[in-house]
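Computed from the coordinates by the stated procedures, all read-outs in this text should not be read as laboratory data. Quick caveat, the model's predicted, so the values are computed rather than measured. Using ideal geometry, Cβ is built from the backbone for each residue, glycine included, and neighbour counts are taken over all protein chains shown.
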Ligand code: C2O
Ligand code: CU
């Protein structure tokens, strides 16, 4: 008997036996996800929430680099649901990527579907989440990708590692919340709080103690795998009395950043080394928004306790960490600008130097005329709030785009998403009323297989300017540059970093600024691209990239699985 893996029935634990004896053997992991409405009496939630395996956050998927997991998802909830493996590239396999009506139709109540999650060069922390309506609020969990078998971390081995998931806490049915907001075209209600590993912490009026405790041993170093699963707010995060070191982001290593706080956007993950080297006591871990716009947001602070194991009695006053104030973009930028790829011999980068396809995409919050019979919507001046990329507000089709593309079905999407915005003006400065009104459509950007792509996201001062964490499925990409103001074809590339740009899957485009990313289009498929602020995605700040097949089977989309959910 060689290597065998045993998964428990619920897929919560994967135990490796005789680990590492046969490095060439392909490992496959099996998980079972059961989606159900669950009551959490341990929190101050009063509404039942949809969870996986009655867990919030959901179960962790744990693999070694380059392995594969099959996840059977059974939906016993009220609405159709899909699951997305955020940051997993799924080479040639968009069929298991998950965004609803982009790569599949939803798994209906009473039905199940098995996803094949194919890992390749990802290493570090990623996560999975529901990708239909706002169900990802409660349906999400970490993905841990360990170094290849027999390989080590590029930093001293931590004593222990753990995941920390930041999430939004709505004391209401999130589907009703977003449906109501979309019906009248106004801002959705902000969440009622945030949680760390499912617990809101000490600063909410919960009847019982509802705080997550991270117990540590003095002198030991811990690897904290932090996931921002929050719906609508970028977050500052800090630990009282402790500096720590960020060593990875979005499943790729970075040059270690010693810091006293981080800023993490929805969709991002960060791996943090924390040494318990302070006076043994209790310290608060805290997170609250970095929010630099006029839109309503959840202005609360979630906490957890870092607790040294040998302390018997809790101190009367536990210290809160100092977090930058909510609008402090200098502190946000200060941290973000330090992130550089590790770019070592063991973990090299391969950023395209010569770009063959240039795309400039404006990112805007817009308004549409109100179509309601009383003529008054919930947005500014009675308009409907909308959002767009290149002034196209994305309309989600009812048949999935992957199916339509693969089978050449007509009337599902248009292939004319443009490489340029329809109008050039001072994007980051003067507000353009022309640009306030987007075109609604399902337009898709086609890219040739193998192209070296540069996408510049240009934030605009249209509507309500804000930071936008842009996420691309099917790829990670290099962030080669970012600045305030308008991107300029001559002067902006001069400040690009092509030496050690970070490789990520989600990047915050600064308010009234731009961010340039590069990648090689080597993964054919239908890949969603959108702002990871959920309300912006709901308003249409999305598009789809179709990377065409290459010349061979090994460079073409695989056959669809036989049991894909049926579109109803
Ligand atoms: Cu994390 Cu399209 O999603
Ligand atoms: Cu956005």
(request) Give the peptides 80-86, 356-362, 234-240 in descending order of average Cβ contacts within 10 Å, highest first. (result) 80-86, 234-240, 356-362
(request) Mind ranking 103-112, 138-147 by how tightly packed they are, going by the mean number of other C-beta atoms within 10 angstrom, highest first? (result) 138-147, 103-112
(message) Per DSSP helix of 4 or more residues, -39500 (n - 2.57); summed, then divided by the residues of the chain. What does that give at 222 nm, rounded to the nearest 500?
(response) -1500 deg cm²/dmol
(request) In nm, give the distance between the simple-model label positions of residue 316 and residue 189, each being 7 Å from the Cα along the Cα-to-Cβ direction. (result) 3.9
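If N is the number of residues in segment 211-259, what value comes out of its Cα radius of gyration divided by 2.2 N^0.38 Å? Let's see the in-between values first.
Values: Rg = 12.7 Å, N = 49, 2.2 N^0.38 = 9.7 Å.
After normalising by residue count via 2.2 N^0.38 Å, the value is 1.31.
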(request) Report the extension gain between residue 68 and residue 243 in nm, rounded to one decimal, defined as 0.36 nm multiplied by the number of residues separating them, less their alpha carbon distance. (result) 59.5 nm
(message) Can you compute the modelled spin-label distance between residue 46 and residue 498, with each label point 7 Å from Cα toward Cβ, in nm?
(response) 6.0
(message) Take residue 353 and residue 28, extend 7 Å from each Cα along the Cα→Cβ direction, and tell me the distance between the two endpoints in nm.
(response) 4.2
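Convert 4 °C to kelvin, take the viscosity as 1.567 mPa s, use the Kirkwood radius over C-alpha pairs of segment 518-568 as Rh, and evaluate the Stokes-Einstein diffusion coefficient in µm²/s, rounded to a whole number.
On the way: Rh = 13.4 Å.
The calculation lands on 96 µm²/s.
Fully extended, how many nm does the chain gain between residue 255 and residue 116 (0.36 nm per residue separation, minus their Cα-Cα distance)?
Details: separation 139, 0.36 × 139 = 50.04 nm, distance 3.20 nm.
Result for the pair: 46.8 nm of gain on full extension.
For the chain, what does the alpha-carbon gyration tensor say about shape, rounded, prolate or oblate, given a ≥ b ≥ c as the root eigenvalues, a/c under 1.5 as rounded, and a/b over b/c as prolate? Could the numbers behind the result be given before it?
Working: a/c = 1.29, a/b = 1.17, b/c = 1.10.
It comes out rounded by the Cα gyration axes.
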(request) Determine the gain in length on full extension of the stretch residue 215-residue 344; use 0.36 nm per residue of separation and subtract their C-alpha separation, reporting nm with one decimal. (result) 43.1 nm
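I need the per residue convex hull volume for segment 160-336, using only the alpha carbons, in cubic angstrom as a whole number. Don't jump to the answer; show the numbers that get you there.
Details: hull volume 22.0 nm³, N = 177.
Hull volume normalised by residue count: 124 Å³.
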